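Report on one structure; see the data block that follows.
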Amino acid sequence: MARAGPSRTQRSQRATQPSQSQSQRPARGSRRAPVEEDEDEDAEDDDDQDMDINGSQARLNDADAELDRKASDLVRFALFMEQRRTLIRREDINKKVLASNSRSFNSVFERAQKLLKKTFAMELVELQSRNYREQDNVVAGDDLQEARNATGVKKKSKLQPSAAAGSKTYILRSVLDPVIIEEAARTDERLYEEQIADSQENGDDDDDMPRSYGCIISWSTTDQVGALGVLHVILAIILASGRSMTDLDLRAHLKRLGLASNESISMNTQSTHKSLPIDTYLGQLMKQGYLDRIKLGDTKAAGGKRSRAPAATQTNPDETQAFEWHWGHRSYSEIGEQAIATFIAEFMVERSRDDDAEDDDEDGKTARSRGKGRARAEDGGRDKKLKNVYGAIERAAGGNLSDVK
């Protein structure tokens, strides 16, 4: 009997199913295609990373260049304000220099400081607040720290002095060594003769022309020498009067010096006016921060806010007594109490020596011979006299004298 073969349906199913060996065998070219795709993706990722690095570096370079530009703008702004002796306020810096990027103040300020010191030998100095300054005037040095410890007040951080004493107001100050400035202001006879000869050749006989001093610093074309002299005298009077003086007392002292309320102070050719009335000049000193004029009994002024009186002449004696003069914060940071005390001491000692020399000239040769011996003795004791006068000024001021801050 013949065996029955597979049916047609079974043959068709067997033909469609692959064998086990065929199912396990990979298709030709199937492994190479994914490898090539992975390499392409890695190359694209590397390109993206390079683009990100280049873009970040470009942004950093742009930001750095912007900070340099802002620093240059701050230097230009500071020099312009200092030429007019105008106080530089942080809000003005934010508004006129930084604009909308006020958060970069510290970075721009640091770069501007480096540029000022390297190029102009100057620096921006933040003025002390009045509260902090008056506290230091009352108790100085170690006594101040002992008082803080006794009252439980913590010492201010030295790393952030602006948080304790800052007023967010700045001025430009020279960083040149005082010895360099002194030598530059010293008169050289040969240079002086050459300057005089040049002025005669050019026919410069006008009184308004700059004077010759024979030194590197040209005082006639820089500061108002006469006005600065009056300022230093006023600061000296206030310091020797206990760091404060009523308006009536100050005007009485100025009158003795020939500067009554109707007198004027001469200015050089750099000024827009040939002279300024004394009241106008005092108002200018207040505006520039050299002097403070405070209303007596004003609680707001005692709390640290200045109450400025008008610059007009005060004709009523009772009204003039209602105000008191103090040093301004600019005088503390630009001149200093120690410099003013030294100025007073040197003036008084030199004046006493001149008076003694005049007396010797009047008494004749015998007295002159004795005067020479006395002069030699005085030369040896000059430093001692200066020290004694300086100490007397310090006691009159009511406390330790501060250097520039």
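The values are calculated or read from the model by the stated rules, or taken from the named source; none is laboratory data. Bear in mind that the values here come from a model prediction, so they are computed numbers and not experimental data. All Cβ positions, glycine included, derive from the backbone under ideal geometry; neighbour counts span all protein chains shown. When the accessible area is computed, the model is the full protein with side chains, heavy atoms only, and any ligands, DNA or RNA have been set aside. Shrake-Rupley method; radii C 1.70, N 1.55, O 1.52, S 1.80 Å.
Would you point out the residue of segment 212-225, among those that are open to solvent by less than 50 Å² (accessible area, probe 1.4 Å) and farther than 23 Å from residue 292 by Cβ, that is modelled with the highest pLDDT?
215
Yes/no matrix, rows are residues, columns are (1) within 24 Å of residue 270 (Cβ to Cβ); (2) among the polar types (S, T, N, Q):
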{"residue": "81", "(1), (2)": "yes, no"}
{"residue": "95", "(1), (2)": "no, no"}
{"residue": "98", "(1), (2)": "no, no"}
{"residue": "104", "(1), (2)": "no, yes"}
{"residue": "113", "(1), (2)": "no, yes"}
{"residue": "117", "(1), (2)": "no, no"}
{"residue": "125", "(1), (2)": "yes, no"}
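Can you give me the number of residues within segment 76-91 that are at pLDDT 95 or above and over 14 Å from the mean Cα position of the chain (by Cα)?
Total satisfying the criteria: 1.
Please find, within segment 241-264, the residue that is nearest to the chain's Cα centre (by Cα) out of those that are open to solvent by 50 Å² or more (accessible area, probe 1.4 Å) and closer than 22 Å to residue 346 by Cα.
Among residues in segment 241-264 that are open to solvent by 50 Å² or more (accessible area, probe 1.4 Å) and closer than 22 Å to residue 346 by Cα, the one nearest to the chain's Cα centre (by Cα) is 241.
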